[in-house]
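Inspection log for the structure reproduced underneath, given as structure tokens.
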Amino acid sequence: MKQQIRLLLVEDETVLAGVVKETLEMKGFEVIYAADGQEGWQLYKQHGPDVCVIDVMMPRKDGLTLVQDIRAIDTHTPLIFLTAKSEVQDVLKGFHAGADDYIKKPFSMEELILRIHALLKRTLVPATPPSHQQQIRLGGYVFDYPRQELHYNGETRRLSQREADLLKMLADNVNNITPRKDMLLSIWGDDSFFNARNMDVYITRMRKYLQQDENIQIVNIRGRGFKLLA
């Protein structure tokens with residue numbers, strides 16, 4: 001039986017929320033609805049959704065704060081922002097908070113559904129049994145891609161699917177240049193300006209994760225891509 005996708009929708013515009021909720025339910029989603037960020041936080045903890053669609057500007061708790069709260073305990077669940085703004089700084093704030101994607105109002109339901117499925121394709125995968133052959137050693141780190149885990153000195157960091165995909169691409173091409181465009185097309189689906197800025201945020205995050213081993217570096221090769229040195 002096909003798994004029903006549980007989606008948390010957090011949106012204070014009730015008319016828009018009603019249309020989105022009804023359309024998604026007609027497409028087979030289970031939709032849990034919250035009218036503000038505080039309610040969204042409670043429902044997130046209660047239901048453990050597969051994906052969240054969150055408005056940025058809301059009463060009681062705004063979308064940026066809600067995403068930061070979720071990311072503090074969950075790096076895995078895909079988070080999509082709904083925003084009336086498309087300025088670079090506003091979009092980057094969303095990515096820095098931990099969002100995986102954003103969609104600008106007004107939007108088509110077809111586009112929203114496509115983006116949801118694209119993100120879920122990377123996360124709703126069967127559990128993979130542990131295997132030493134599936135682990136990649138990077139200096140003092142051991143990277144377990146199927147389990148989305150990065151191990152160092154007895155400590156384990158859980159990676160999001162996109163973080164794991166990014167590190168896997170770099171690790172598969174270690175000490176060689178991985179073209180920026182290839183990374184964007186493979187992981188983000190296109191090489192748009194905003195996706196490129198989003199990838200830069202992820203690269204910064206990966207450098208932080210790998211900083212305990214000074215021999216590991218992710219070097220920006222200007223105009224070409226990135227090189228993981230190990």
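With the crude spin-label approximation of a point 7 Å out along Cα→Cβ, what separation in nm comes out for Asp213 versus Glu149?
Label at Asp213, label at Glu149, 1.7 nm between them.
How far, in degrees from 0 to 90, does helix 37-47 lean away from the longest principal axis of the Cα atoms of the chain, to the nearest 10?
The angle comes out near 70 degrees.
Once amide H atoms are built 1.01 Å from N in the peptide plane, which residues 5 or more positions from Glu149, or in another chain, come under 5 Å H to H?
Amide H neighbours of Glu149, under 5 Å, 5+ apart: Asp144, Leu159.
Go ahead and run the numbers for FRET between Thr156 and Lys45, Cβ-Cβ distance against an R0 of 30 Å, rounding to 0.05.
Working: r = 23 Å, r/R0 = 0.77.
According to the calculation, E is roughly 0.85.
I'd like the distance between the alpha-carbon centres of the stretch 1-33 and the stretch 78-118, rounded to an integer number of Å.
16
Can you tell me the orientation of helix 161-172 relative to the chain, as the angle in degrees between its alpha-carbon axis and the longest Cα principal axis, to the nearest 10?
With rounding to tens, the tilt is 20 degrees.
For the chain, find the longest principal axis of its Cα atoms and tell me its angle to the long axis of helix 63-73, 0 to 90°, nearest 10.
With rounding to tens, the tilt is 50 degrees.
Kirkwood hydrodynamic radius, computed over distinct alpha-carbon pairs, for the stretch 128-230: how many Å, to one decimal? Can you show the working numbers first?
On the way: mean 1/r = 0.0720 Å⁻¹.
Result for the stretch 128-230, one decimal place: 13.9 Å.
Excluding ligands, DNA and RNA, what is the solvent-accessible area per residue of the chain at a probe of 1.4 Å, expressed in Å²?
On the way: 11960 Å² over 230 residues.
Result: 52 Å² of accessible area for each residue.
Taking 0.36 nm per residue of sequence separation and subtracting the Cα-Cα distance, how much length would be gained by fully extending the chain between Arg137 and Ile113, in nm to one decimal?
Working: separation 24, 0.36 × 24 = 8.64 nm, distance 3.71 nm.
So the chain would gain 4.9 nm between Arg137 and Ile113.
Counting just the Cα atoms, what span does the chain cover along each of its three principal axes? Round to the nearest Å and put the largest first.
53, 39, 31
Per residue of the chain, what 222 nm ellipticity follows from adding -39500 (n - 2.57) for every DSSP H run with n ≥ 4, rounded to the nearest 500? Can you show the working numbers first?
Numbers: 8 runs with 93 residues, N = 230.
Calculated from helices alone, the mean residue ellipticity at 222 nm is -12500 deg cm²/dmol.
On the full set of protein chains, 1.4 Å probe, figure out the accessible area of Met26 and give it in Å² to the nearest 10.
The accessible area comes out at roughly 150 Å².
Rounded to the nearest percent, how much of the accessible area of the chain (1.4 Å probe, protein heavy atoms only) is carbon and sulfur?
Details: 5900 of 11960 Å².
Accessible surface attributable to carbon and sulfur in the chain totals 49 percent.
The values are calculated or read from the model by the stated rules, or taken from the named source; none is laboratory data. Note that the structure is predicted; figures quoted are calculated from it, not measured. Virtual Cβ from ideal backbone geometry, glycine too; neighbours counted across all protein chains shown. Each accessible area value is taken on the protein alone, full model and side chains, heavy atoms only, with ligands, DNA and RNA left out. Shrake-Rupley method; radii C 1.70, N 1.55, O 1.52, S 1.80 Å.
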